[in-house]
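Contents: one structure, followed by commentary.
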Amino acid sequence: MDFWKKFFKANPILESYNNIDTKSSLEDVVLVKHLETKGKFVDIYITTKKNINLYELEQLCDAVGWVRRPLKKVKLAIDHSFLIICLFYKKDRYKKLIGFARATSDAVFHATIWDVVIHPDFQGKGLGKILMNQLVVELRCADISTITLFADPHVVSFYHNLGFIADPDGVKGMFWYPR
Ligand SMILES: CC(C)(COP(=O)(O)OP(=O)(O)OC[C@H]1O[C@@H](n2cnc3c(N)ncnc32)[C@H](O)[C@@H]1OP(=O)(O)O)[C@@H](O)C(=O)NCCC(=O)NCCS
């Protein structure tokens with residue numbers, strides 16, 4: 001726990017960050033209390049349950065300008081993911097999804113992180129960092145030691161600051177696409 005306290009102490013918003021170092025599945029656990037957005041204060045919750053509202057996820061991805069994908073395929077991708085993490089806040093009786101990330105894995109050696117997103121209204125508040133670190137904590141709890149991801153060019157330094165390195169020992173990521 002001390003490591004995480006030191007890691008996050010540079011960012012005041014994260015003082016109320018409730019780091020959860022467990023590998024058990026999380027459901028609606030408060031992660032950050034009283035986060036300010038647009039003059040309102042909300043509590044941010046985390047869940048690793050896969051019963052996500054696909055339309056809400058689509059809206060979240062729309063909000064950051066990602067190309068739409070067929071919801072049927074998105075559902076399959078989520079079902080087959082090793083881990084998903086959702087961040088949301090509750091308003092009256094509904095939940096609003098504001099963050100998402102998922103990881104695929106062989107469950108032993110390797111995991112790859114995909115679809116990391118924080119809603120624009122909640123960006124720049126430390127939530128992306130929390131989301132990523134919670135994902136890494138969960139994967140490390142599963143004893144997975146190699147965690148990879150594909151960073152868009154504009155977010156390389158975001159991941160770099162979280163400890164991810166490009167081209168370790170000169171190793172390059174390579175892609176094959178249908179022509
Ligand atoms: C990238 C993203 C997840 C970051 O989330 P966020 O909540 O805004 O990030 P945080 O507030 O936690 O920022 C954590 C740190 O990263 C830095 N950071 C945030 N976005 C960054 C970016 N695009 N490039 C470089 N650094 C960035 C912050 O300045 C902060 O630095 P600090 O710890 O020194 O203060 C979010 O901007 C997003 O969803 N972007 C659109 C979708 C996207 O591009 N996803 C990545 C696909 S590979």
By residue number, the members of the range 109-130 that are within 6 Å of the ligand (Cβ to nearest atom) and either over 18 Å from residue 152 (Cβ atoms) or in contact (Cβ under 8 Å) with a residue 24 or more places away in the chain (or both) are 116, 117, 118, 125, 126, 127, 128, 129
Given (1) more than 18 Å from residue 84 (Cβ to Cβ); (2) surrounded by 12 or more Cβ atoms within 10 Å (Cβ to Cβ); (3) more than 9 Å from the ligand (Cβ to nearest atom), residue 156 misses just (3)
Looking at (1) open to solvent by 30 Å² or more (accessible area, probe 1.4 Å); (2) in a strand (DSSP E or B); (3) within 9 Å of the ligand (Cβ to nearest atom), which one does residue 95 not meet, given that it meets all the others? (3)
The condition from (1) more than 9 Å from the ligand (Cβ to nearest atom); (2) out of contact with any helix residue (DSSP H, G or I) (no Cβ under 6 Å at 6 or more places or on another chain); (3) more than 18 Å from residue 49 (Cβ to Cβ) that residue 141 misses is numbered (3)
Does residue 106 satisfy the condition of being open to solvent by 30 Å² or more (accessible area, probe 1.4 Å), more than 16 Å from the ligand (Cβ to nearest atom) and on the phi > 0 side of the Ramachandran plot? no
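The values are calculated or read from the model by the stated rules, or taken from the named source; none is laboratory data. Everything numeric in this text was worked out from a predicted model, so none of it was measured. Cβ coordinates were reconstructed from backbone atoms using ideal geometry, including for glycine residues, and neighbour counts include every protein chain displayed. Heads up: the accessible areas ignore ligands, DNA and RNA and are worked out on the full protein's heavy atoms, side chains in. Shrake-Rupley method; radii C 1.70, N 1.55, O 1.52, S 1.80 Å.
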